[in-house]
């Protein structure tokens, strides 16, 4: 993996992994954007069509079975295989370099390189693709449309 600890003269970007319990009965694949359920602290698949789910708290670093704790990353560079990125973007060949990615408004737990549009949706930035397999994870507060 390339060293992106400093970008454009900025301060070093630190890796920020954290763990959350996935929702009962739901497996989470690597790269899945998750929000945190305010009532029980469990990870749920983020979605840009709901205020409660639009605030992405992390991307799952490795697959987590239902009931297992998910390790999530909320900063630094996340490297996954092209196939793993394809599973959460619906694309092929991995990420599109230099594209910005957002939480999908259409489908929970997916990412899109097209910002959601339309009344009642939320634009939730997740990161910037550095290559087909690497994303600089950088969240921002969701913007309601």
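Values for this structure:
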item	result
Tail beyond 20 Å, pair distance distribution of segment 75-145 (Cα, percent)	23 percent
Tail weight of P(r) past 18 Å, computed on alpha-carbon pairs of segment 42-112, percent	40 percent
Protection proxy ranking, peptides 61-67, 26-32, 51-57, average beta carbon neighbours within 10 Å, highest first	26-32, 51-57, 61-67
Cut-off 12 Å, label 7 Å out along Cα→Cβ of residue 113, residues of segment 70-106 by amide N	86, 89-102
Relative counts (whole %) of C-alpha pair distances in the chain, using bins that are 5 Å wide	2, 12, 21, 24, 21, 14, 6, 1, 0
Considering only the chain, percent of DSSP beta bridges that pair antiparallel, nearest 5	95 percent
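Throughout, read-outs are computed from the coordinates displayed, never taken from laboratory work. This is a predicted model, so every value here is computed, not measured. Cβ: placed from backbone, ideal geometry, glycine included. Neighbour counts: every protein chain shown.
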